[in-house]
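Novice: One structure, pasted below without further comment.
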Amino acid sequence: MSKKLLSTLLFITPIIFFLSNCAEKKKSLPVEQIETKIKIEHATGFTVEQNGSFTVIEVKSAWPGSDIAFKYALIPRENLASITLPRDAYDAIVAIPVERMVVTSTTHIPSLEALGALDAVIGFPDMNLISSTAARKRIDSGLIKELGTNENINTEIALELNPEVVVGFGINGVNRAYETLKQSNIPIVYNGDWTESTPLGKAEWIKFFAPFFQKEAVADSIFKGIEESYNKTKLLAKKATKKPTVLTGGLYKDVWYVSGGESWMGQFLKDANAKFLWADTEVKGSIGLSLEAVLEKGQQAEFWFNPSLHTSYTELEEVNAHYKQFEAFTNKKVFSNAINKGATGGLLFYELAPQRPDLVLKDLISILHPQLLPDHKPRFYMPLN
């Protein structure tokens, strides 16, 4: 055990003792407390309730297909001495406002930056994926530490950082690093923003982060602005008199993954007033198809978005010569979200697009209906080189 780790544990122990001691001596909350639900209109994976003394966040979709609901209690520091919560009623109890937070997904960064809470971030796994200029400045200054990967977080460094909470995400319910941190009394809170299938649903997860910093009103105002911008852009798309046909995805190990009709991308294309060729499928994720099946339906598609992570026509042709059979390829109408990268190679789309769906929609409309947004400069979708 390193000296720094030992000193960290020595620092943590009195706090744990204090909290557990408080838990035994505190008085129960008055039963007449009135609970108020924060308005969540588009996101389906979480709820926020306030009762005046503390806030409860419930996450219902920590990962795809999860049937486990996680409940977290956020208690203002000044109320810690007066609140007793039933043991085992919450998966984590966090004192707020949080000053030291570890986050694990680049999708978490834009929400924290928009809330003015980026200074609380002290650790992140695989920091090269972060593109935010403000976050990179903190990384370069040594204020955010590298933690490895989400599935294999360096728990020794994480313990040395002494975070008040780790905001994680899960592919499933298995993450040994999270279990190790929990055993060291570091609260783990799941964020399931990536499981949302609608553009505004993903963006509304800014309201998940807000209570950790007591910035609910700020989050509500930010989201309203994004929602208004998105809906205004969606209305603009309806002015287009022609719906261009669209194909998505590309081959991965002989399987072509196209976006499902009810997926995030499917909803974007619907709102952009495009004729997405798989729009009638009731699939929220991707659909695996053979090359022949995609050729049969999409060979004449006018536009092709997200050809895997390929960024040039030469690259596409080298990977599979059959790509040349698509009209979008021969007409140079293939667009990628994998071209615009941050300073250390992170894809801007995967970081910022979930938080700013209005900008994504403007990109798509400027490509599909250029007459509607002639001056728009795309942020995420670029033509292949």
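Novice: How much accessible surface does residue 356 have with a 1.4 Å probe, in Å² rounded to 10?
Specialist: Near enough 80 Å² of accessible area.
Novice: Let me ask something else. Evaluate 2.2 N^0.38 Å with N set to the residue count of the range 240-385, then give the Cα radius of gyration divided by it.
Specialist: That works out to 0.98 for the range 240-385.
Novice: With the cut-off at 21 Å, tell me which of the pairs 137/377; 137/341; 207/270 have Cα atoms farther apart than that.
Specialist: 137/377; 207/270
Novice: To the nearest 10 degrees, how steeply does helix 216-237 sit against the main Cα axis of the chain, on a 0 to 90 scale?
Specialist: With rounding to tens, the tilt is 10 degrees.
Novice: Which whole-number percent is the relative contact order of the range 268-385 (Cα, under 8 Å, 6+ apart)?
Specialist: Computed over the range 268-385, the figure is 27 percent.
Novice: Ranked by accessible surface with a 1.4 Å probe, highest first, in what order do 122, 365 come?
Specialist: 122, 365
Novice: A further question follows. Would you compute, for the Cα atoms of the chain, the largest minus smallest coordinate along each principal axis and list the three values in descending order, in whole Å?
Specialist: Answer, in whole Å and largest first: 72, 48, 37 Å.
Novice: Continuing with this model, one more query. Using just the helices of the chain, give the 222 nm mean residue ellipticity in deg cm²/dmol: DSSP H runs with n ≥ 4 each add -39,500 (n - 2.57), and the total is spread over all residues, rounded to 500.
Specialist: Result for the chain: -9500 deg cm²/dmol, rounded to the nearest 500.
Novice: Report the accessible area of residue 195, computed with a 1.4 Å probe over the heavy atoms of all protein chains in place, in Å² rounded to the nearest 10.
Specialist: Accessible surface of residue 195 is approximately 40 Å².
Novice: Solvent-accessible area of residue 157, probe 1.4 Å, all protein chains present, reported in Å² to the nearest ten, please.
Specialist: Rounded to the nearest 10, that gives 50 Å².
Novice: While we're on this one: For the range 55-133, what value does the Rg/Rh ratio take when both radii are computed over Cα atoms and Rh is the Kirkwood radius, given to two decimals?
Specialist: 1.02
Novice: Kindly identify the range 235-307 as rounded, prolate or oblate by the Cα gyration tensor criterion: order the square roots of the eigenvalues as a ≥ b ≥ c, call it rounded if a/c is under 1.5, otherwise compare a/b with b/c, prolate if a/b is larger, else oblate.
Specialist: Prolate, because a/c is 1.5 or more and a/b exceeds b/c.
Novice: How big is the range 280-365 by Rg and Dmax over its Cα atoms, in Å?
Specialist: 14.4, 40
Novice: Could you tell me what percent of the DSSP beta bridges with both partners in the range 241-385 are antiparallel, to the nearest 5?
Specialist: DSSP beta bridges in the range 241-385 are roughly 60 percent antiparallel.
Novice: How big is the shadow of the Cα convex hull of the range 34-82, averaged over all directions, in nm²?
Specialist: 4.2
Novice: On to the next question. Would you mind classifying the range 114-213 by shape? Square roots of the alpha carbon gyration tensor eigenvalues, ordered a ≥ b ≥ c; an a/c under 1.5 is rounded, otherwise it is prolate if a/b is larger than b/c and oblate if not.
Specialist: Taking the square roots of the gyration eigenvalues as a ≥ b ≥ c, the range 114-213 is oblate.
Novice: HN-Hα J couplings of the range 148-161 from phi, Karplus 6.51/-1.76/1.60, θ = phi - 60°, integer Hz, Gly and Pro as x?
Specialist: With the stated coefficients, the range 148-161 comes to x, 10, 4, 7, 9, 4, 6, 5, 5, 5, 4, 5, 5, 5 Hz.
Novice: Ok, one more. Pick from 137, 71, 243: which is most flexible by mean-square fluctuation in a GNM of the chain where alpha carbon atoms under 10 Å apart are linked?
Specialist: 137
Novice: Enter the per residue convex hull volume of the range 103-165, computed from alpha-carbon coordinates, in Å³ rounded to the nearest integer.
Specialist: 79
Novice: Quick one: Kirkwood hydrodynamic radius for the range 22-180, alpha-carbon pairs, angstrom, one decimal?
Specialist: 17.2
Novice: A further question on this structure: Could you check which residue among 134, 158, 43 shows the biggest mean-square fluctuation in a GNM of the chain with a 10 Å Cα cutoff?
Specialist: Between 134, 158, 43, it is 134 that shows the largest mean-square fluctuation.
Novice: Relative contact order for the chain: what percent, with Cα pairs under 8 Å and sequence separation of 6 or more?
Specialist: Across the chain, relative contact order equals 15 percent.
Novice: Hand me the trypsin sites (Lys or Arg not before Pro) from the range 228-308 located in a DSSP loop with no more than 14 other Cβ atoms within 10 Å, in residue order please.
Specialist: Here the sparse-neighbourhood loop sites are 238, 239, 242, 253.
Novice: I would also like to ask the following. Just going by the charge dipole of the chain, with Lys and Arg at +1 and Asp and Glu at -1 on Cβ, which of 187, 200, 258 is farthest out on the positive end?
Specialist: 200
Novice: Which percent, nearest 5, of DSSP beta bridges in the chain are antiparallel?
Specialist: 50
Novice: Taking the chain as a Gaussian network, where each spring joins two C-alpha atoms under 10 Å apart, which residue of 323, 90, 252 fluctuates the most?
Specialist: 252
Novice: What are the principal axis extents of the Cα atoms in the range 131-270, in Å, biggest first?
Specialist: Computed over the Cα atoms, the extents are 59, 46, 30 Å.
The values are calculated or read from the model by the stated rules, or taken from the named source; none is laboratory data. These numbers were taken from a predicted model, which means no experiment stands behind them. Counting neighbours? That spans all protein chains shown, and the Cβs are built from the backbone with ideal geometry, glycine included. Ligands, DNA and RNA are excluded from the accessible area calculation, which covers all protein heavy atoms including side chains. Shrake-Rupley method; radii C 1.70, N 1.55, O 1.52, S 1.80 Å.
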